[in-house]
Amino acid sequence: MIQGTGSHVGKSILVCALCRILKQDGYRVAPFKAQNMALNSFVTKDGKEMGRAQVAQAEAAGIEPMVEMNPILLKPTGDTGSQVVIMGKPIGNMTAKEYYQKKGEFVSIIKEAYHTLRTQFDIIVIEGAGSPAEINLKDGDIVNMGMAEMASAPVLLVTDIDRGGAFAWVVGTLALLTSDERDRVKGVVFNKFRGDKGILKPGLDMLECRVNKPVVGVIPYIHNLSIDDEDSVSLEYSGGNKRDQGLGVRGQHAEIMSPTPFIDIVVIKLPRISNFTDFNIFTHEKDVRVRFVDTAKDIGKPDLLIIPGTKNTIGDFLFLEERAIAEAIKDLSMHGTMIMGICGGYQILGRYINDPYHVESSNNGIQGLGLLDTVTTFARDKQTFQVKACMLEHEHLFRVDDEITGYEIHVGETTYNGHNSVKPFARITERAGKRVNILDGCVSANSNVVGTYLHGIFDNDAFRTGLINHLKLKKGLKPSAGCNVNFKSMKEDKYNELANIVKKNIDINMVYKIMNLQ
């Protein structure tokens, strides 16, 4: 089991690396996280929802994601409550207090999910959440030491040295554990180290004497890794720009600094942004820059503005209005900037958002941006599907002949308010493995505003290449002759790269010994 001294210290990435290393060494391996709090989710082939980090870990292990890898997913709807997803299906919204009162009821579900994986795989690499030393949460813990005890798993404790105070963080974390819990911790891993390890060594030696635990490894700060993060907390550590670690862009004012022309893409950093990893692939396109912004003044004049998915469409639209971002988006649209909305972003682009059952708010509904002539009405049930689709032809838009794959996660149906000024964006031909004929999304009359429910659409090489070339032509740049990046090959390369870096910087023999393996 991998636990951490805090959030965003590298637990998910280390699990991902170990899954790939163990796979390379011939083991059948799977990831597991009992409880995940994240808005970055994915839909499995059987239409169930799970945390995106466990999907990346499953990919690294070379296996199909299963909801058993993440039996409990909490999707925050605000500061004090979350939608609770159990074994891939939402059971309702709960406040933190309500959830902790019911948490004991979920132990049998976690045990069953874990047992299912243990019967199918040689090794389970378990990820903790936050810190095991959150003393106010230790009673009834089901995701850190409680899970380690349930699985009889040895623990590696990972810490982030880049933020400073890592030695105190390790000592303090271990000090707040019980003696049995401390005994379960078999080693410490330092993550995100920059500099000369020789200078670090005296501190490591002193720490080992102090805590009587070996330092299993010191992993360097990895730039441009591009492996899906658990949640948008990673954006907080990069000032809204996914710089370094492969999580996105190259700086807020990259257009000024860059000596060559490029396509500037702005993604609005909504307070409850979901599935922000939809845009990771753009960071590998050499002529593209991506910026995450949450103020009107930082938007500038991009070539493409994207309103991403959100867990609270109404709340995040009000955020756009409060910060004058809504008016900025309308103004950009009037002056020719292409606007795209994904899922909740698509709903925001329409004329009205109705909430008759008060799924998201106490309001019955609100007016949207009005850039698409659509109306969205929230329903009680969530739709979660893996889908295949074909993009329809549009007079002023690029053409894509290849099949598009993606997934839907949304509450509500969007209908066209008028039939003359809009056209559907795509036709869904398959949902959850069944043939269907369903229209998706909407395109404005001038094809400059596009909305779709399809998450993962930019991971389709033909669609992404067509979009980038369309933007280049609008800007007077030369389009690419073909696809610059093969998404699937790129991901495999990145998992192998991560495994190689981690293998070089930890004592892998010690890790195997801890697991009683050869």
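Observations on the model:
- Being under 21 Å from TYR221 (Cα atoms), more than 23 Å from the chain's Cα centre (by Cα) and surrounded by fewer than 18 Cβ atoms within 10 Å (Cβ to Cβ) holds for only one residue in ARG163, ARG194, and it is ARG194.
- In the set (1) in contact with a strand residue (DSSP E or B) (Cβ under 6 Å, 6 or more places away or on another chain); (2) farther than 18 Å from ILE342 by Cα, the condition left unmet by VAL411 is number (2).
- Test: residue in the range 96-116 that is surrounded by 13 or more Cβ atoms within 10 Å (Cβ to Cβ), among the β-branched types (Val, Ile, Thr), at pLDDT 90 or above and in contact with an Asp or Glu (Cβ under 9 Å, 6 or more places away or on another chain): yes
- Of all residues in the range 377-422, none satisfies the criterion of being crowded, with 17+ Cβ neighbours inside 10 Å, in a loop (DSSP other than H, G, I, E, B) and small (Gly, Ala, Ser).
- Note on the range 318-373: among residues that are among the aromatic types (Phe, Trp, Tyr) and open to solvent by 10 Å² or more (accessible area, probe 1.4 Å), the one that is modelled with the lowest pLDDT is TYR357.
- Test: residue in the range 199-218 that is over 29 Å from SER274 (Cα atoms), at pLDDT 50 or above and acidic (Asp, Glu): yes
- Among the criteria (1) more than 17 Å from the chain's Cα centre (by Cα); (2) surrounded by fewer than 24 Cβ atoms within 10 Å (Cβ to Cβ); (3) of a type outside the set (S, T, N, Q), the one ILE2 does not fulfil is (2).
- Test: VAL170 is aliphatic (A, V, I, L, M) and crowded, with 16+ Cβ neighbours inside 10 Å: yes
- Residue pairs whose Cβ atoms lie under 9 Å apart, sitting 6 or more positions apart in sequence or on different chains, and linking a residue in the range 335-350 that is at positive phi and assigned to a loop (DSSP other than H, G, I, E, B) to a partner that is among the basic types (Lys, Arg) and open to solvent by 10 Å² or more (accessible area, probe 1.4 Å), are GLY336/LYS474.
- Residues (of a type in the set (Gly, Ala, Ser) and assigned to a strand (DSSP E or B)) located in the range 178-217: GLY187, GLY217
The values are calculated or read from the model by the stated rules, or taken from the named source; none is laboratory data. Note that this is a predicted model, so its numbers are computed, not measured. Note: ideal-geometry Cβ built from the backbone for every residue, glycine included; neighbour counts use all protein chains shown. The accessibility values were calculated without ligands, DNA or RNA, using every heavy atom of the protein model including side chains. Shrake-Rupley method; radii C 1.70, N 1.55, O 1.52, S 1.80 Å.
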